[in-house]
Amino acid sequence: MTDILRTDRLRLRLVTEDDAPFYLALVNDPAFIEHIGDRQLRSVDAARRGLRDGPIAMQAKHGHSLYLVERLEDGMPLGLSGLVKRDTLDDVDIGYAFLPAHRGHGYALEAGQAAVRHAAALGIRRLAAIVAPGNAPSIALLQRLGLRFTRRATLAPGQPPVDVYLTELDG
């Protein structure tokens, strides 16, 4: 498994198809469905395809993606965090999602700070984030990461509006 980033407590690594059981649990978490969306992945095989078509393909195409966040002390998978390039957004954006048991421990902030540093190291000069307008914990995290609200947007027809946050990165 390929490490991408390390922090004091965390390892961020490339996802593999072997992470499908974890990914299945994450994308079917009610908070994930409410704030990010229902990926309609209901089996390990579907989750495996979701990883292959999502983060694994994005890493191959763009050189960055969402990474699996593991606790260093025991290798426990906690969530995903990293950099996403969406067709519907001009800028690369930071994304993250953690299982309920691992929220409120500072892991998302720690992983997010590492992802912001990684973006700057990759030469990304402007970093975006999208968030559901009512997702106060995520908005607070984005603000702690230095991103600021810029606009409300609808990224695809029929989709609910999202708030777009931006920050300029130093090289």
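Answer with yes or no whether GLY106 is in contact with a Ser or Thr (Cβ under 6 Å, 6 or more places away or on another chain) and on the phi > 0 side of the Ramachandran plot. Can you show your working first?
Details: in contact with a Ser or Thr (Cβ under 6 Å, 6 or more places away or on another chain): no; on the phi > 0 side of the Ramachandran plot: yes.
Taking the combined requirement at face value, the residue does not satisfy it.
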Fill in the blank from the handout: Checked against (1) of a type outside the set (D, E, K, R); (2) assigned to a loop (DSSP other than H, G, I, E, B); (3) within 13 Å of the chain's Cα centre (by Cα), VAL69 satisfies every condition except (2)
Practice task
With respect to ASP93, determine if the residue is exposed (fewer than 14 other Cβ atoms within 10 Å of the Cβ), out of contact with any Lys or Arg (no Cβ under 6 Å at 6 or more places or on another chain) and within 19 Å of PRO55 (Cα to Cα).
Solution key: no
Fill in the blank from the handout: When the stretch 73-90 is checked residue by residue, the ones that are surrounded by fewer than 16 Cβ atoms within 10 Å (Cβ to Cβ) and either in contact with a helix residue (DSSP H, G or I) (Cβ under 7 Å, 6 or more places away or on another chain) or at pLDDT 95 or above (or both) are GLU73, ASP74, GLY75, MET76
Fill in the blank from the handout: Checked ALA120, ALA108 against criteria (touching a Gly at 6+ places or on another chain (Cβ under 8 Å), surrounded by fewer than 20 Cβ atoms within 10 Å (Cβ to Cβ) and not polar (S, T, N, Q)); the one match is ALA120
Practice task
Would you mind stating whether ALA114 is more than 18 Å from GLN159 (Cβ to Cβ), in contact with a Ser or Thr (Cβ under 9 Å, 6 or more places away or on another chain) and buried (at least 16 other Cβ atoms within 10 Å of the Cβ)?
Solution key: yes
Fill in the blank from the handout: Counting only residues that are in contact (Cβ under 8 Å) with a residue 40 or more places away in the chain and in a helix (DSSP H, G or I), the stretch 12-21 contains a total of 1
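Only residues that are among the aromatic types (Phe, Trp, Tyr) and free of Cβ contacts under 8 Å to residues at least 60 places away in the same chain: list them for the stretch 23-54, please.
Hit for the stretch 23-54 is TYR23, nothing else.
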Fill in the blank from the handout: Okay, strands (runs of 3 or more DSSP E) sitting entirely in the stretch 88-171 with 1 or more residues that are acidic (Asp, Glu) and free of Cβ contacts under 8 Å to residues at least 40 places away in the same chain, I get 92-98, 162-168
Practice task
Return the residue satisfying two criteria in turn: it lies in the stretch 22-37 and is part of a helix (DSSP H, G or I) and surrounded by fewer than 17 Cβ atoms within 10 Å (Cβ to Cβ), and of such residues it is nearest to the chain's Cα centre (by Cα).
Solution key: HIS35
Exercise for the section: Return a yes/no flag: does the stretch 45-59 have any residue that is in a helix (DSSP H, G or I), buried (at least 21 other Cβ atoms within 10 Å of the Cβ), among the small types (Gly, Ala, Ser) and out of contact with any strand residue (DSSP E or B) (no Cβ under 7 Å at 6 or more places or on another chain). Expected result: yes
Fill in the blank from the handout: Within the stretch 125-171, of all residues that are among the aliphatic types (A, V, I, L, M) and more than 16 Å from the chain's Cα centre (by Cα), the one farthest from ASP90 (Cα to Cα) is ALA136
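The values are calculated or read from the model by the stated rules, or taken from the named source; none is laboratory data. Computed from a predicted structure; not experimentally measured. Neighbour counts are summed over all protein chains in view; Cβ atoms, including those assigned to glycine, are modelled from backbone coordinates with ideal geometry.
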